[in-house]
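Right, one structure below, let's go through it.
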Amino acid sequence: MALPANRPRPAVLEQIRYSGYLITKNSLTTVGFGIVLVLLVIALLAPVFVPHPEHAVLGTTNVAEALRPPSGRYLFGTDELGRDLFSRVIYGTRISLQIGTLAVGLALLIGVPLGLVAGYLGGFVDEVIMRVTDIFLSFPPLLLAIAVAALLGRSLTNAMIAIAIAWWPWYTRLMRGTVISLREKPFVEAARMMGTPATRIMVRHVLVNSLSPVIVQASLDFGSVILTSAALSFLGLGAQPPQPEWGLILSTARNYFLVAPWYSFFPGMAMVITVLAFNLVGDGLREITDPKTRRL
Amino acid sequence: MKGIRAWSVAVSVLLLVTVALAGCRQAPRAGAPDVFVIANNIDPMWSWDPADSFGEEIPVLFEMYETLLRYHPLQDKLEPVLAEDWDVTPDGLTWTFRLRSGVKFHCGHAFDATQVKKSIDRTRERGMGAAFIWDAVERIDAPEPQTVVFHLSYPIPVDLTVASAYGAFMYCPKCLEEKGDDHYNNGNACGTGPYKLESWRRGDQVLLTRFDDYWRGWEDNHFDKILVKVVPETGTARQMLEAGEVDHVRLLPFEDIQVLKKNPRFNVAVSPSFQNVYILINSIREPLNDARVRQALSYSIPYADIIKYVMHDYATQSVGPVPAGMWGHDPGLKQYTYDLTRARELLAAAGYPNGGFSLVMTVASGDENHRKVAEMWKGELAKLGIALDIRTMPFDAQWDLAKSPDVKQRQDLYILYYWPDVTSPQAFLEGCFVTQDDYIIFNLSYYSNPLVDDLVYGAWQAAGTDRVRATELYRQAQAILLEDAPAIFVYDMQNVRVLNASVKGFKDNPAYPYVLFVYDLYREGKR
Amino acid sequence: MFVLVGVSLLTFMMTVIIPADPAARWAGVRATAEQVAKARQELGLDQPLPVQYLRYLSGVLRGNLGVSVRTRQPVMVDLRAYLPATAELVVVGMAISLAIGLPLGIWSAVRKDTWVDHMCRAIAVFGVSLPTFWLAMNLQVLFFRWLGWFPLGGRLSSMLELTTTVPHLTGFLLLDSLVTGHWEVFGNSLRHLALPALTLAAYPLGLVAKQIRSSLLEVFGEDYIRVARAYGLPERVVTYSYALKNAFGPTLTVFALCAGYSLVNTFLIEAVFNWPGLGNYTAMAVTTGDYPAIMGITLVVAVMYVILNLIVDVLLALDPRVRV
């Protein structure tokens, strides 16, 4: 009993330490990790260093200063209602990271248990779950997210739910594959023969050992999820004014791009940097965990 | 590396071709027909049936169809179009119109009294769009080919009704008899107007061409064709205007107009309009059912900032629900100001000294001006301790929500553009403020006051024969509405029309929003 | 087949849970309660759900996707009108992405871990990280506002559209004008196509490059490549004759995924460039809350996506080299 239950732990620790070594070895991945850390700090400390938090949090307007180009006073310029874009873009980091975490988290929460159950139990349950998954997978994710968001009505929460609905089947499928490969492994068999209840085996042995591909995939998806939510906001299906969400800011900026071309630049750059960082991290993690490309 | 070379060659060729083509721009052709090109932000044709139209179609319909009279509200004058003159009995119940002779429909059929009767009767029977403007009509007679008589069940000003921008078009009933009642709605047209339909593509463009047998005749300098292009992006539309590809853009942000105004190549025509903006307050919900709270809201709007920074001075603060320039408007009525101290006092008197409630405001998506108003107001309300929850949604969704059978679902605040069907104070007061229990039209304040109802209906019945009395009754109704504050009367808009400077002869008529009457226009010089 | 039924069931369920009342929408802005009730009956909304689904399904099979609330035309008619413009955009965009992405990925794999590789990978990651609509807006600012090389949007200049009629053969304006010799139209439409196609290419470009690189690297590690190298075959031959063939399979799959993705990506691109295609139509449907249109497009695009994936599966199955 003690042996299989404790088996993965030291290996995981060692893996983390080893992964850390590999991460620092790949410069692009290091950069990605660095940016993500900086973004987290920015998001947490936003209220401390932003000049006009009220422009971002409450959306207080200051129309006399509308559409000012970037200057020492307004680093990124102002929007059509005279709000400091720097403050809004910085606060937007919080929203985007929140969206990423919540939407991916929700998708994992739906997708992982289903994949686990399908893969471990097999048979009829597997059949049903995978058929449903197939149906969801036959929609391009952005399309499904748009359709669901349009149905649920316009709000950021609904946009996140829509994204989760579009994303969970990927985790189910991935999870199921991993679980099936683990199902017949000796330590699982051993646990089974010792009479451990199925749910306990699923959680303590199979789940713990099959999470790493899913986690890698989730970190890769973080970027696309942020992009998708911005796309929804851009189409008017996500954030609501005056939320300083990047997609919504860009969507508004589009109305002024001939008069104020700088308006769209900074929120867009912020988004590119964020998504890029997560993609680099995700790629790096995948290379590390994939034995085929793993370098020593 | 052969493969890579082949690819890079292909890529370079592609890039070269594109860049080379980027260099050549096409020159305008000589001798081509002179086309008046309009860039429209939306598909202008929702409904092709002139009986049903109650919206964005009229700029196209008024080029193809005509009404018996045309109203010039700034001069308060009626111009004869298909009718040459008219009179009314002293009781205001029988109106006789004598028609112009020699007028033909696009299909060749002659226009006469029977067609007038059939057109209006069909419009009334269909009961779509603005058909309600004929509610008072009991019967229409055509005793002679050039004479039409309207018999009313109660007096209304029929001369204004037949000049309505909606629901008063004369169309060819013969075409419908021959080709089926859906003929128009299937995308056909047959009127007496100067231009006839040549072709159209849904969501893309409408092309009209001159009708040779038009009763006013043709001279050299009229435009040959009208092309309405759908260009949803205002940036694209402005580009097309600057490149000389279009003559007129229907809707441009004020920021762009400010820039174009400085350019002599464009004519920015500003004139009064009858379009105004209300914020309708849900008057049956706590705490908005207290008139003092509604007055406080009326005092919390930064009117001056909105007019200066959102509307760029292309609007004036409203005095009451009837816009300035229309009869029945009274500049002496009460006007709310931006006064947060007064608002606080009123809230305190109503039992909300620190606010402490939140309100839901719906805004039609894509409307920049309304969104800006909402966002600016949010900041002011926050100072009063009132939280404003702005929800943008498609107009239809906003509309459904406002009429939701579950009263609790409905919004607290609805920002609405309003403009008249029949050009009269009645359109504003009856449309938005009389009791609408059985079904709601635009009374999205859900306001009900028998006193206002009586005044408004009384005024309309007097309007045909006793304008002075009607004006007085409208004034009283408006005074009550301003005290009771079921809505905030934010601003009266101005019509801002952007045209290429080569287009001459344009005079805006606020009774017909966005209608250009292209027949009256001509070109001098080059686009 | 099962998947297709499932897809239709899912879209149908979505149409049922629509928050707005389609009957009220249908009856119009000033409709009375009776008119709404009549509309409900006409639209069959008073029937039980399974009956509604069967009606929906039989309608779909006969090509009836319902009627758009915005255009008041059958959704199918609208789709048919808008599809060619989108297809043209997707085909050209995907071609550009292949033309740039493939060499980039191969180059990167051959020069693994050199600066070339790092640069190519950076470009690839950048490509998938750009928000499509932001890229589109920036291209507009750069190439229209500052350089003036390309038009801001649309498919053809309006005057040209008015003065020349190109026969409608394929609906691909480029092809139609080329075949019929309308050079002016050809050039003009190419200029209009440039920016949207480039925008569309950015995402698949990155993915294709990334995929071909990693597949090649994987193949390079295989025994037969090592054997080939051991035999002293030139590196060029090894790469192009042996490795590339075997690396194409997974890239094809990614490419098909990308094509599906791009089809949806046009929703944003066409909205920014005012490209008169399916995407613009959908974006308009979304902003106006035109649910029948949204659901119709969802269904059609999903079906196209399924078919696309099926074709790839078949192609891969036909190729004996591909290990499944």
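A short reminder: the numbers here are calculations on the coordinates, not readings from a lab. Every value quoted in this text rests on a predicted model; they were computed, and no experiment measured them. Backbone-built Cβ (ideal geometry, glycine too); neighbour counts: all protein chains shown.
With Cα atoms as the point set, the radius of gyration and Dmax of chain C evaluate to 23.8, 86 Å.
As a ratio to 2.2 N^0.38 Å, the alpha-carbon radius of gyration for segment B:401-459 is 1.17. In straight-distance terms, cross-link reach from C:LYS112 covers every one of the lysines whose alpha-carbon lies under 30 Å from its own, apart from those fewer than eight places away in the same chain; here that gives A:LYS25, A:LYS292, B:LYS2, C:LYS210, C:LYS245. Using a Gaussian network model of chain A in which every pair of alpha carbons under 10 angstrom is joined by a spring, one finds that among A:GLU80, A:GLU189, A:GLU245 the greatest mean-square fluctuation is at A:GLU189. With a simple spin-label model that places each label point 7 Å from the Cα along the Cα-to-Cβ direction, the separation between A:VAL38 and A:ARG17 comes to 3.1 nm.
Is the C-alpha gyration tensor of segment A:192-296 telling us rounded, prolate or oblate? Criteria: a/c under 1.5 is rounded; beyond that, a/b larger than b/c is prolate, otherwise oblate. Because a/c hits 1.5 or more and a/b fails to exceed b/c, segment A:192-296 counts as oblate.
How big is the dipole moment of the protein assembly as shown about its Cα centre under a simple scheme where the beta carbon of each Lys and Arg is +1, that of each Asp and Glu is -1, and everything else is neutral? Debye, nearest 20, please.
5260
Relative contact order of segment C:94-276: what whole-number percent is it, with Cα pairs under 8 angstrom and at least 6 residues apart? Worked out over segment C:94-276, it gives 35 percent. Please label the shape of segment A:184-233 as rounded, prolate or oblate, based on the square roots a ≥ b ≥ c of the eigenvalues of the alpha-carbon gyration tensor (a/c under 1.5 means rounded; beyond that, a/b larger than b/c means prolate, else oblate). Prolate, since a/c reaches 1.5 and a/b exceeds b/c.
Above 18 Å, the calculated P(r) of segment C:205-287 contains 57 percent of its Cα-Cα pairs. Across the options B:TYR474, A:LEU207, C:TRP183, the greatest Cα extent toward the positive end of the charge dipole of the protein assembly as shown (unit charges at beta carbon of Lys, Arg, Asp, Glu) belongs to A:LEU207. For segment B:393-511, the normalised intensity computed at q = 0.10, 0.13 Å⁻¹ comes to -0.41, -0.64 (log10 of I(q)/I(0), Debye sum over alpha carbons, equal scatterers, no solvent). For segment A:75-169, the equivalent ellipsoid derived from the Cα gyration tensor has semi-axes of 37, 14, 8 Å, listed largest first. When you count the other C-beta atoms within 10 angstrom of each residue and take the mean per peptide, B:54-61, B:173-180 line up highest first as B:54-61, B:173-180. Among C:266-278, C:294-306, sorting by the average number of other beta carbon atoms lying within 10 angstrom of each residue, highest first, gives C:266-278, C:294-306.
Can you bin segment C:94-276 into rounded, prolate or oblate? Criterion: square roots of the alpha carbon gyration tensor eigenvalues sorted a ≥ b ≥ c, rounded for a/c under 1.5, prolate for a/b above b/c, oblate for the rest. Here segment C:94-276 falls in the prolate category. Taking chain C as a Gaussian network, where each spring joins two C-alpha atoms under 10 Å apart, which residue of C:LEU193, C:LEU142, C:LEU308 fluctuates the most? Result: C:LEU142 has the largest fluctuation of those listed. Taking 7 Å steps out from each Cα toward its Cβ at B:TYR439 and C:LEU315 produces label points 5.5 nm apart. In summary, the helical segments of chain A meeting the span-like criteria, namely a full DSSP H run, a Cα extent along the axis of 15 angstrom or more and a mean Kyte-Doolittle hydropathy of at least 0.5, are A:27-49, A:85-121, A:123-137, A:141-152, A:156-183, A:208-234, A:265-289. A straight line joining the Cα centroids of segment B:107-163 and segment C:212-248 runs 84 Å. Relative to the dominant Cα principal axis of chain C, helix C:115-129 is inclined by about 10°. For chain B, relative contact order (Cα pairs under 8 Å, six or more residues apart, normalised by length) works out to 19 percent. The packing ranking, built from the mean of other Cβ atoms within 10 Å per residue, places the peptides B:37-43, C:3-9, A:44-50 in the order B:37-43, C:3-9, A:44-50, highest first.
Ordering A:THR29, C:ASN309, A:ALA260 by the projection of their Cα atoms onto the charge dipole of the protein assembly as shown, which places +1 on the Cβ of Lys and Arg and -1 on the Cβ of Asp and Glu, puts A:THR29 at the extreme positive end. Across segment A:112-232, Cα-Cα distances exceeding 19 Å account for 53% of all pairs. Contact order, relative form, for chain A: 25 percent (alpha carbon pairs under 8 Å, 6 or more residues apart, mean separation divided by residue count). Note on segment B:276-493: Rg/Rh from Cα positions, Kirkwood definition for Rh, rounded to two decimals, is 0.95. Taking the number of Cβ atoms within 10 Å of each Cβ as an exposure proxy, the fewest-first ranking of C:VAL238, C:VAL314, C:VAL75 is C:VAL314, C:VAL238, C:VAL75. Between the listed residues C:MET14, C:LEU104, C:GLN73, the Cα displaced farthest toward the positive end of the dipole of chain C, a dipole computed from Cβ unit charges relative to the Cα centre, is found at C:LEU104.
Screening chain B for DSSP H helices whose Cα atoms reach 27 Å or more along their own axis and whose mean Kyte hydropathy is at least 1.0 gives B:2-23.
Using the Cβ-Cβ distance between C:THR170 and A:MET193 with R0 set to 45 Å, the FRET efficiency from 1/(1 + (r/R0)^6) comes to roughly 0.10. Inter-chain Cβ neighbour count for B:126-133, averaged per residue, equals 2 (cutoff 10 Å, partner chain atoms only).
Which number comes out as Rg/Rh for chain A once both Rg and the Kirkwood Rh are worked out on C-alpha atoms?
Numbers: Rg = 22.4 Å, Rh = 21.1 Å.
Rg/Rh: 1.06.
Against the compact-protein benchmark of 2.2 N^0.38 Å, the Cα-based radius of gyration of chain B scales to 1.08. Helix content alone sets the calculated 222 nm mean residue ellipticity of the protein assembly as shown: runs of n ≥ 4 DSSP H residues at -39500 (n - 2.57) each, divided across all residues, give -17000 deg cm²/dmol.
For the protein assembly as shown, how big is Rg over Rh, using alpha carbon atoms and the Kirkwood form of Rh?
Ratio of gyration radius to Kirkwood radius for the protein assembly as shown: 1.00.
In terms of other Cβ atoms within 10 Å, C:LEU79, B:LEU451 run from fewest to most in the order B:LEU451, C:LEU79.
Across the residues of B:227-236, average count of Cβ atoms on other protein chains within 10 Å?
6
Mean silhouette area of segment B:69-175, derived from the convex hull of its C-alpha atoms and averaged over all directions, reads 6.8 nm². Note on A:THR101 and B:ASP34: with the Förster distance fixed at 51 Å, the Cβ-Cβ geometry gives a FRET efficiency of about 0.25.
For a paramagnetic label modelled on B:ASP87 (point 7 Å from Cα along Cα→Cβ), amide N atoms under 20 Å away belong, within segment B:110-130, to B:113. For the segment C:285-295, counting C-beta atoms of other chains within 10 Å of every residue's C-beta and taking the mean gives 6. Residues B:LYS507, B:LYS196, arranged from fewest to most other Cβ atoms within 10 angstrom of their Cβ, appear as B:LYS507, B:LYS196.
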